[in-house]
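One structure below.
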Amino acid sequence: MPPTHARSLWHSVRTHGFTLTALARHASRVHRDRLGLVVGDWSATFGELWRAAEGVAAVLYIGPLERTPRPVVIACSGPAMPIALVAVARLGIDVMPVSPGSLEEYRRAVPRDALLIHDGEPPAWHRGPTVGAAQIVEWSTSDGSGLAHARRRARIVLPDRSMAGTITTHVQGAMGVQGLRQLAGLHDRLGLEGTDVILTCAPLHRGKGLQLFGMALLTGATLANAAHAPAAERIRIIRERFVSVLSASPSQLAGILDELERTGEDAPRLRRILVAGQDLDADLVRRLHLVWGPIVLSAYGSVQTGTVALATPELLSAHPGTVGRRLPGADFGIVGHAGRGDASGLLWVRGAHATVITEDRARIEDGMLTIDGPMTQPDTSD
C-alpha cells in the first residue's frame, strides 16, 4: 500500500474505527474516480458511492429518524441496499441487512420499532417507520457534505438460521486488529489487485458479499453483483465487464459450467475463482480446472466469524476436498480435542471476536480442514 493510501486509511480508522464506514471513506479519497460498484444497470465510482451514502444519511437523520438514533433494517435489493448500508453506518447506527425474501423468516430477530428500508409493501407486524427502496435511490442525489461525524461506531447485525431452524443474531462491531488480519490474509491469498473486477454471486447482505465489498473498498477493485441472476446472465457480465475474479457457490459454478457446455461457447477468461457457501465436491474442482486451469480457491467460515480457512489453487489441486488452512487472526479445531494435531469430529471456528461451535463434521490433517458433514448454512441463492 502506498504511503498516501496508508495515511488515508489511518485517518479514516481514527475517525470511524475499523469499520465499513472507514473503508468507504478511505476508498472515496484514494480511489475516488475508479468504478467501484455495479449492481444491475446501476454503477458508481467510489467517490459517487460515498456522496450518495452521505446524502441518504443526511435525509434519513432529519426525516424518518427525526434526529433520534434507532436500529435500521435493510430488506431491499438493487443499488438501494449498499447505498443504505453505507449511509446508516455513516450515522453510527446499528444496521441489520436482510434478504427481502427472508424478512418474514427472521421476523423474531427484527426490532419491531426499527426503521425498515424495504421492497414492496411493509409487513403488518412492523410498528416502526418505513422507507421504500426507490426513495433511497432518489435521496442519493441529496447533499450530505455538511453531515457531522457520528459519536457512535455502527455495528452490523447479521441474522442466521441453524439446521434446526433456530434464529440467532450476530452483532459485528468494529473488526479490530484481529478482523483486519483476517481481511488482509484473505486479500493476500486471493491476490486481489486494484485493477481487478470482481463478480460476486452472493447477495451483498450475506457474509461473503459483505466481505468482498470491504475488500473492494480497501483495494480499489471493482465489485459487480449478480445475485439471483441466471447462469447465462453471469457469463454475459463476465465478458462485458472484463471480470477477472469470480466468487460463487459450487451450485452456481456448476450452473455456469452447464450453460457453457449447453451453448458450446468458449469460457470467458478468469484469473481467480473463489468458491464458498457450500460443501465443495472434488468432481467440481476437476471440472473447473479442465475449463480454467488451477485458479480455484476454496473458502470456509461462518456468519459470526467470517472466513477462517482458505485453500490456495496449489493446495486444492493436491487435495480437492479441503477448504484450506487457517487465515491469520483465525483458528479452528475439533470439539474435545486439545491442541492442533490431526483429529476429526464436531468443528469449532474462531474469528472476528467470536468462537462458534458449528453443526459441521470435519477432519483436520496436517493443518488442513476438510468438511465431512453438511455446511452450517448452505448457500441456496441462485
>> Which residue fluctuates most in the GNM of the chain (Cα springs below 10 Å): A232, A124, A109?
In response: A124
> What net charge is computed for the residues neighbouring L9, neighbours being all others with C-beta under 14 Å from the C-beta of L9, Lys and Arg scored +1, Asp and Glu -1?
Replying inline: +4
> By how many degrees, between 0 and 90 and to the nearest 10, does the Cα long axis of helix 250-263 differ from the longest principal axis of the chain?
Replying inline: 80
> With the chain treated as a Gaussian network of Cα nodes joined by springs under 10 Å, which of H149, H26, H187 yields the largest mean-square fluctuation?
Replying inline: H149
>> Can you tell me which of G306, G214, G194 moves the most in a GNM of the chain? Springs connect C-alpha atoms under 10 Å apart.
In response: G194
> What ranking do 245-254, 281-290 get when scored by the average of other Cβ atoms within 10 Å per residue, highest first?
Replying inline: 245-254, 281-290
> Using the Cα gyration tensor of the stretch 95-134, with a ≥ b ≥ c the square roots of its eigenvalues, what is the shape: rounded (a/c below 1.5), prolate (a/b larger than b/c) or oblate (neither)?
Replying inline: rounded
> If you place +1 on the Cβ of every Lys and Arg and -1 on the Cβ of every Asp and Glu, how big does the dipole about the Cα centre of the stretch 63-110 come out, in debye to the nearest 20?
Replying inline: 120
>> Which of the three applies to the stretch 245-382, rounded, prolate or oblate, going by the alpha-carbon gyration tensor with a ≥ b ≥ c and a/c under 1.5 meaning rounded?
In response: prolate
> What percentages, rounded to whole numbers, describe P(r) for the stretch 1-75 computed over all alpha carbon pairs with 10 Å bin width beginning at zero?
Replying inline: 18, 39, 34, 9, 0
>> Quick check: pseudo-label points 7 Å beyond the Cα along Cα→Cβ at R107 and E259, how many nm apart are they?
In response: 3.5
>> Leaving out ligands, DNA and RNA, and with a 1.4 Å probe, what % of the accessible surface on the chain is carbon or sulfur?
In response: 51
> So what does T355 come to for accessible area, using a 1.4 Å probe and Å² rounded to 10?
Replying inline: 90
> Within a Cβ distance under 15 Å of S244, other residues only, what is the Lys/Arg minus Asp/Glu net charge?
Replying inline: +4
> Taking 0.36 nm per intervening residue step and subtracting the Cα-Cα distance, what contour gain separates S251 from H149 on full extension?
Replying inline: 32.4 nm
> Ordering S302, S145 from largest to smallest accessible area (1.4 angstrom probe), what's the sequence?
Replying inline: S145, S302
>> Between helix 80-90 and the chain, what is the angle of the helix's C-alpha long axis to the longest principal axis, kept within 0 to 90° and rounded to the nearest 10?
In response: 70
> Let a ≥ b ≥ c be the square roots of the eigenvalues of the Cα gyration tensor of the stretch 46-120; is it rounded (a/c under 1.5), or, if not, prolate (a/b larger than b/c) or oblate?
Replying inline: oblate
> Within a Cβ distance under 15 Å of T263, other residues only, what is the Lys/Arg minus Asp/Glu net charge?
Replying inline: -2
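If exposed means no more than 13 neighbouring beta carbons inside 10 Å and the site is in a DSSP loop, what's the longest run of the chain without any exposed GluC sites (Glu not before Pro)?
Answer from the scan: 266-382.
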>> Can you tell me the length gained on complete extension of the stretch H337 to E233, counting 0.36 nm per residue apart and subtracting the Cα distance?
In response: 32.8 nm
> Within the stretch 47-77, whose backbone N sits under 20 Å from a point 7 Å along Cα→Cβ of R127?
Replying inline: 64-74
> What longest range of the chain stays clear of loop-exposed chymotrypsin sites (Phe, Trp or Tyr not before Pro) (DSSP non-H/G/I/E/B, at most 15 other C-beta within 10 angstrom)?
Replying inline: 243-382
> In Å², what does the accessible area per residue of the chain work out to with a 1.4 Å probe?
Replying inline: 43
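The values are calculated or read from the model by the stated rules, or taken from the named source; none is laboratory data. Note that the structure is predicted; figures quoted are calculated from it, not measured. Neighbour counts are summed over all protein chains in view; Cβ atoms, including those assigned to glycine, are modelled from backbone coordinates with ideal geometry. Areas reflect the complete protein model, heavy atoms only, side chains present, ligands, DNA and RNA absent. Shrake-Rupley method; radii C 1.70, N 1.55, O 1.52, S 1.80 Å.
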